[in-house]
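First up is the structure itself, then whatever we jot down about it.
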Amino acid sequence: MNTLKKISSVLLVFFALNAFGQLSPISADKKDRLNMYVKKSGPYIGIQRGKYTVMELGVERQWKRIQLSTARTHGIHLGFNYNFGRNVLGYDIGYWVKPTRVGLTYGLNLVMRTDFDRTKVGFVPVIGYQFSLLHLQTGYHFLAPSNKGFNMETNSYFVSLRVVLINNRKTEVKKGNKKLFQDRNN
């Protein structure tokens, strides 16, 4: 009986300390953490390979929040591409996210393709890998069916390699809502 009281006392203290540990004010420390934000933008040039070879030109903007454990990057881009051999012009607007420091990028593009007689629109889910200035992506064009029943001579499956030339960078370091450091490289 005595050992049962000792075990129950130890368990009671253990659960009380565990419950107290769950209620400790950790969120108060979060607002005092240092946060670093980086915003970058610039033009890109790329090549897209699938059934056809397509040149890409455009502009991209990236946002990154850097923390000790993670660094999530978001990017948007607006560009056009042209297939010289088949005379097909395309416009792309898209968004991608890189949820970890070393992981893959996941995105979605809205596209329009035209051969100057007919036009198709659609969307493209993409997956890729971004390292420094290079962004390698692959995806599939889901183009809306046309009422004329024509086949657009454009890539369905593709691999794209882009080089983003960063010419505008802004860095901020904040502690809570207070800016500690701001650097602008234009």
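The values are calculated or read from the model by the stated rules, or taken from the named source; none is laboratory data. Predicted, not measured: the structure shown is a model, and the values here were computed from it. When we count neighbours, we look across all protein chains shown, and the Cβ atoms used for this are built from the backbone with ideal geometry, even at glycine.
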- Query: Residues that are under 14 Å from the mean Cα position of the chain (by Cα): which strands (runs of 3 or more DSSP E) entirely in region 92-186 hold 2 or more of them?
  - Reply: 105-114, 119-131, 134-140
- Hey, can you tell me all the residues within region 122-134 that are surrounded by 14 or more Cβ atoms within 10 Å (Cβ to Cβ) and either within 23 Å of F84 (Cα to Cα) or of a type in the set (F, W, Y) (or both)? G122, F123, V124, Y129
- Restricted to region 161-185 and to residues being surrounded by 13 or more Cβ atoms within 10 Å (Cβ to Cβ) and more than 17 Å from K39 (Cβ to Cβ), the residue modelled with the lowest pLDDT is K175
- Among residues of region 77-117 being closer than 14 Å to H135 by Cα and of a type in the set (V, I, T), the residue surrounded by the fewest Cβ atoms within 10 Å (Cβ to Cβ) is V102
- Query: Are any of the residues in region 137-160 among the aliphatic types (A, V, I, L, M), exposed (fewer than 15 other Cβ atoms within 10 Å of the Cβ) and in contact (Cβ under 8 Å) with a residue 24 or more places away in the chain?
  - Reply: yes
- Which is more than 28 Å from S156 (Cβ to Cβ) and either touching a residue at least 12 places away in the same chain (Cβ under 8 Å) or not acidic (D, E) (or both), of Y44, Y82, Y91, Y37? Y37
- Test T119 against the stated conditions and say whether it is modelled with pLDDT under 95 and β-branched (V, I, T). yes
